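The values are calculated or read from the model by the stated rules, or taken from the named source; none is laboratory data. Here the structure is a predicted model, which is why all the values come from computation and not from measurement. Note: ideal-geometry Cβ built from the backbone for every residue, glycine included; neighbour counts use all protein chains shown. Just the protein is used for accessible areas: all its heavy atoms, side chains included, with ligands, DNA and RNA removed. Shrake-Rupley method; radii C 1.70, N 1.55, O 1.52, S 1.80 Å.
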Amino acid sequence: MKGSLKAVITGTGSYLPDQIVTNDDLAKQVDTNDEWIRTRTGIRERRVLAEDLATSDMCIEAARKALEDAGIAAADLDLIIVGTVTSDMLFPSTACLVQHRLEALKAAAFDVSAGCTGFLYGLVTAAQFLETGMYRTALVIGADTLSRVIDWSDRSTCVLFGDGAGAVVLEAVSNTDYGILGSYLGADGSGAHLLNLPGGGSRCPATRDSVEKGLHHLRMEGKEVFKFAVKTMGEAALHVLKECGLSQEDVDFLIPHQANLRIVDAALKRLELPSDRVYTNLEKYGNMSSASVPVALDEAARLGKFQKGNLLLLIAFGAGLTWGGVALRWAK
Ligand code: UT7
């Protein structure tokens with residue numbers, strides 16, 4: 001049946017924690033200032049999740065909004081995928097916790113770990129199940145609570161990240177011009193050391209020593225990741241467009257992973273796109289890892305930025321290293 005079925009986004013939703021942490025707030029804790037953060041990253045403030053909540057709680061809120069938007073009951077879901085690097089527990093998957101709380105009783109559920117590219121990896125994976133006809137309805141969530149793994153005394157990382165969750169409902173639709181047209185996923189594990197969280201896994205389980213050495217905090221070589229991001233964001237975008245037989249001029253909206261405004265600007269330049277064709281919100285939320293793309297997608301959709309038939313290009317990069325792009329025709 002492949003070819004006649006497409007995976008179409010029929011609903012979006014997102015959740016942002018209430019607590020706002022501004023650049024000035026951070027300047028009271030570490031040696032930084034609003035001017036440095038704004039000019040180097042574009043970020044003004046970020047959200048931090050309440051202590052008694054975890055990633056799955058944000059997923060549930062985003063998922064309920066996406067289901068309502070799509071007019072779908074959780075009981076109708078065949079599949080739930082959560083892209084995250086900050087699952088509630090090492091196992092079981094956050095997707096299983098979400099499946100239980102939504103009472104999506106017939107849905108298969110699993111997490112995808114692809115750093116900030118997690119949502120796109122999940123979206124592409126879910127689309128394969130729908131395009132083959134195996135499943136009809138999927139929920140894909142990107143959610144991260146990086147505030148829990150940041151070293152709040154490290155100014156080179158603590159100013160960059162924020163918490164949030166975004167979700168989409170995907171449905172299999174036959175003989176349609178809308179939906180996902182093409183995708184591209186990349187990985188290069190030789191760059192694993194550039195962005196990681198060394199402690200808590202099987203190589204370095206939690207011990208008093210691992211805690212004292214700060215091995216349970218996110219580590220990043222920012223400059224190297226920056227160079228990689230600038231290169232791969234543009235490449236992923238051009239690769240997907242070529243695969244779909246489209247060109248840069250066809251793109252109505254670019255929804256990029258939101259890590260640094262300078263990286264977004266470099267992608268726009270590479271694609272020769274004007275700045276009114278991109279949607280950014282990192283000034284309000286910082287880098288939300290897997291949640292960046294679906295939250296931006298949901299916000300832009302709810303602001304009425306997209307028209308039915310618009311060509312959207314979603315691109316991301318992240319730990320792994322990983323990167324990817326998805327081209328889709330907006331159906332709502
Ligand atoms: O989603 C994937 C995850 N990560 C990313 O996408 C991040 C990619 N990388 C970046 O966005 C940028 O590399 C950063 C924003 C992290 C850093 O910007 P940069 O222009 O590469 O700055 P830098 O690391 O070269 O640091 C320049 C200076 C250094 O001081 P010296 O050595 O020149 O005296 C840093 O110590 O800025 C200093 N610095 C800060 N100063 C004030 C680093 N962090 C801060 C800070 N406030 N928060």
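Does ALA7 qualify as being touching a Phe, Trp or Tyr at 6+ places or on another chain (Cβ under 8 Å) and not hydroxyl-bearing (Ser, Thr, Tyr)? No: the conditions fail for ALA7.
The set of residues in the stretch 156-172 being among the hydrophobic types (A, V, I, L, M, F, W, C) and under 17 Å from ILE72 (Cα atoms) consists of ALA167, VAL168, VAL169, LEU170, ALA172. Residue count for the stretch 285-326 under the criterion of being open to solvent by 10 Å² or more (accessible area, probe 1.4 Å) and either modelled with pLDDT under 95 or more than 15 Å from the chain's Cα centre (by Cα) (or both): the result is 10.
Looking across the stretch 259-284, just one residue is within 19 Å of VAL85 (Cβ to Cβ) and in contact with a strand residue (DSSP E or B) (Cβ under 6 Å, 6 or more places away or on another chain), and that is ALA259. ALA63 is checked against (1) touching a residue at least 40 places away in the same chain (Cβ under 8 Å); (2) assigned to a loop (DSSP other than H, G, I, E, B) and fails just one. What number does that condition carry? With (1) touching a residue at least 40 places away in the same chain (Cβ under 8 Å); (2) assigned to a loop (DSSP other than H, G, I, E, B) applied to ALA63, the lone miss is (2). Here the stretch 84-106 is the region considered, the condition is being of a type in the set (A, V, I, L, M) and surrounded by 24 or more Cβ atoms within 10 Å (Cβ to Cβ), and the residue that is farthest from GLY325 (Cα to Cα) is ALA104. Condition first: away from the ligand (no atom under 16 Å from the Cβ), hydroxyl-bearing (Ser, Thr, Tyr) and surrounded by fewer than 19 Cβ atoms within 10 Å (Cβ to Cβ). Can you find one or more residues in the stretch 119-128 that meet it? Checked against the condition, which is being away from the ligand (no atom under 16 Å from the Cβ), hydroxyl-bearing (Ser, Thr, Tyr) and surrounded by fewer than 19 Cβ atoms within 10 Å (Cβ to Cβ), the stretch 119-128 yields no hits at all. Counting only helices (runs of 4 or more DSSP H) that fall entirely inside the stretch 208-272 and contain at least 1 residues that are open to solvent by less than 80 Å² (accessible area, probe 1.4 Å), at negative phi and within 12 Å of the ligand (Cβ to nearest atom), the qualifying elements are 222-243, 261-271. Of the residues making up the stretch 143-156, those that are more than 12 Å from the ligand (Cβ to nearest atom) and either under 13 Å from VAL169 (Cα atoms) or open to solvent by less than 30 Å² (accessible area, probe 1.4 Å) (or both) are ALA143, THR145, SER147, VAL149.
All told, LEU105 falls short of being within 20 Å of the chain's Cα centre (by Cα) and assigned to a loop (DSSP other than H, G, I, E, B). Annotation note: of SER56, SER14, the sole residue that is more than 18 Å from TYR285 (Cβ to Cβ), of a type in the set (Ser, Thr, Tyr) and outside any loop (DSSP other than H, G, I, E, B) is SER56.
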